[in-house]
Amino acid sequence: MNSQNSQIRKRWSWGITSILISSAAVIVAATNVATPSAVKAEQLQPEMQHSKGETLKPIAQSQTMPQCDMMKQNMMMPQRDMMMQAMMTAGEKTDRHFIEMMIPHHEGAVKMADLALKLSKRPEIKRLAESIKSDQTREIAQMKSWYKQWYGTSVPSTMAMMNHGDMMNMKKPMEMPMTKPMGMPMGMQNMMTGDLKALESAPDFDKAFIKEMISHHKMALMMSSMVIDSDRPEMRTLSTAIAQAQSSEIEQMRQWYQTWYK
């Protein structure tokens, strides 16, 4: 059973890691472009202090920035402008990706809650399951409504996102857009299929449910941090609500686990 639970958590970890890596790629790329300019600016300060207190004269620009380097910098200007533009739009793309990923994540929690309402032997777990199902079903409806309003289309289905991700992965590296739409992480898809069956067949359902729901909530906290600084107040409010509700539920489940199984 411990091995089974470990495999479930590993699949989830890889799935969410792919989300965070994909959402952060634009900002990292833009930061890497800006770094060389910052270094050269430091090299061109009027004066530099030697470690022994001597004042050194600035090195001539021709020494620090040879003509070939200046030509390279000029050639990089259009690329840098593109990077900066991408960084400026990264927040909007992150909001969209967040909704596309958080909806199936919430749907997985609702399915786990449905199992708890059917299989749990503890009234505390059933009350928690009812709360999770109510809250996350409402948030799913909110996110679908926002997506339609902001992007003029419905949220892609799980299968559509998986197929789109596969098609994008078939392109050559040079053809890959910097901010390509993300496909559905396999870990998240597995939780909706085989892993739910593993939870359903666990020898002690309530014990397994607590472990897996804590892990599931932790990943929701990681995901919600992606939009805590969103330009949209709706997204910031949702991020805060997820963090507050699910942090409280994690603590409650930990207390139950300590009481019932230690």
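Condition check: modelled with pLDDT under 95 and not aromatic (Phe, Trp, Tyr). Does Gln136 satisfy that? In short, no. Count of segment 230-248 residues, restricted to those that are out of contact with any Gly (no Cβ under 8 Å at 6 or more places or on another chain) and either surrounded by 17 or more Cβ atoms within 10 Å (Cβ to Cβ) or assigned to a loop (DSSP other than H, G, I, E, B) (or both), is 7.
Within segment 249-262, the set of residues being free of Cβ contacts under 8 Å to residues at least 40 places away in the same chain and in a helix (DSSP H, G or I) comprises Ile250, Glu251, Gln255, Gln258, Thr259.
The values are calculated or read from the model by the stated rules, or taken from the named source; none is laboratory data. Nothing here was measured: the structure is a model prediction, and the numbers come from that model. Quick reminder, even Gly has a Cβ in these numbers, built from the backbone with ideal geometry, and neighbours come from all protein chains shown.
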